[in-house]
Every structure is written in structure tokens, then in C-alpha cells.
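Below is one structure; the comments refer to it alone.
Bear in mind these aren't lab numbers, they're just calculated from the coordinates by the rules spelled out. These numbers were taken from a predicted model, which means no experiment stands behind them. Note: ideal-geometry Cβ built from the backbone for every residue, glycine included; neighbour counts use all protein chains shown.
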Amino acid sequence: MKKGEDILYEKVGKIAKRFDMNPSTVWRKMELMRQEGVYDKIVIEISPKVKRISVPAFEAFLKGQHLAYLKG
């Protein structure tokens with residue numbers, strides 16, 4: 001196992017770095033999660049400005065989004 005692979009929750013900035021995307025893209029994905037009703041399963045809100053994202057669940061969400069255009 002590589003260093004950092006066992007981390008379950010990360011800050012938005014670290015999620016962005018881990019998945020090679022801009023933090024604003026992570027925020028947009030979080031809004032999509034909210035619209036799809038999975039936000040509460042993936043994101044922990046510690047306070048209004050502090051959020052932690054489940055790394056495995058975020059990855060699964062991204063994989064689902066990747067092929068979502070084929071379903072529509």
C-alpha cells in the first residue's frame with residue numbers, strides 16, 4: 001500500500017490534488033452530489049466552512065459520473 005492510500009477522509013484541497021483537479025471542480029462535484037442525493041453519504045460537514053470528503057466514495061462518484069453521459 002502506498003503512503004496515503006489508507007486515508008478515508010480529506011479536505012477539499014487535498015482531494016483536488018489527489019485527483020489532479022482544481023478545488024473549484026471538487027466544489028462543483030459536491031453540488032452534483034447534493035442534487036443526486038448522495039452528498040450526506042460522501043461529505044462530513046464539521047462546520048459551515050469545514051468539510052471532509054470520503055476518498056473512496058468520491059472516487060466511486062467520479063467513476064459513476066464518467067459514464068453517466070451514456071445513460072442519458
- Note on the structure: Proximal lysine pairs in the stretch 1-51, meaning Cα under 15 Å and 8 or more positions apart or interchain, come to 11
- Checking rank on 52-58, 41-47, with mean other Cβ inside 10 Å and highest first, the result is 52-58, 41-47
- Would you mind calculating the gained length between GLU45 and ALA57 on full extension (0.36 nm times residue separation, minus the Cα-Cα distance), in nm to one decimal? 2.8 nm
- Note on the structure: Whole-Hz Karplus couplings 3J(HN,Hα) for the stretch 24-34, θ = phi - 60° and coefficients 6.51, -1.76, 1.60, Gly and Pro as x, run 5, 5, 4, 4, 5, 5, 5, 5, 4, 4, 4
